[in-house]
Amino acid sequence: MANLISSITPADKDGNATGEAVTSILQPSSYHWGKSDISSPKAGRMANMAMRKMLIGKARTLELQWQNRSFSEISTVLALFDHEYVLLNYVDALTGTTKTSHMYMSDMAADCYHDYSGGMWEIATVSCIQATPDAV
């Protein structure tokens, strides 16, 4: 099977690469894929109570988690995602293929446990949201 995350390239707000692609990526332990529909501002409930969705786009979301990793491994992973925007090549659940999307980086978090060997990150999470949605 292909890597869940194949490459990460720093990008600007318009989706233009601003750095070199990184392909040596510690693969996540957990990979949550999602899709959000984007409706027109004119969408909503009508006076006759009918709902008008007025779909104008679709945006992918990814929540990636790494479990039980060393301080240095998680630091390396988080640094790869520490950009406002990236071009991310990932496995897309809807198409069953790899896809490159312009993503903005949302939240990052990490929980640590300390033991006598110096500690480890129990879990680290990165959230990615498609910045340039797919038009319908």
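What to note about this one:
- Selected residue (only one of 127, 101, 106 is without any contact (Cβ under 8 Å) to a residue 24 or more places away in the chain, surrounded by 11 or more Cβ atoms within 10 Å (Cβ to Cβ) and within 16 Å of the chain's Cα centre (by Cα)): 106
- Among residues of segment 45-66, those that are within 28 Å of the chain's Cα centre (by Cα), surrounded by fewer than 14 Cβ atoms within 10 Å (Cβ to Cβ), of a type outside the set (Lys, Arg) and farther than 24 Å from residue 96 by Cβ, counted: 1
- Test: residue in segment 112-120 that is part of a strand (DSSP E or B), surrounded by fewer than 12 Cβ atoms within 10 Å (Cβ to Cβ) and either modelled with pLDDT of 95 or more or more than 16 Å from the chain's Cα centre (by Cα) (or both): yes
- Within segment 37-68, being closer than 25 Å to residue 127 by Cα and without any contact (Cβ under 8 Å) to a residue 40 or more places away in the chain holds for 37, 39, 40.
- Among the residues making up segment 1-52, those that are assigned to a strand (DSSP E or B) and of a type in the set (A, V, I, L, M, F, W, C) are 5, 8, 11, 17, 22, 33, 38, 51.
- Criterion (in contact (Cβ under 8 Å) with a residue 60 or more places away in the chain, crowded, with 16+ Cβ neighbours inside 10 Å, of a type in the set (A, V, I, L, M, F, W, C) and in contact with a helix residue (DSSP H, G or I) (Cβ under 9 Å, 6 or more places away or on another chain)) met by exactly one of 86, 91: 86
The values are calculated or read from the model by the stated rules, or taken from the named source; none is laboratory data. Worth saying up front: this structure is predicted, and the values here are computed from it rather than measured. Note that we place each Cβ from the backbone using ideal geometry, even for glycine, and neighbour counts take in every protein chain shown.
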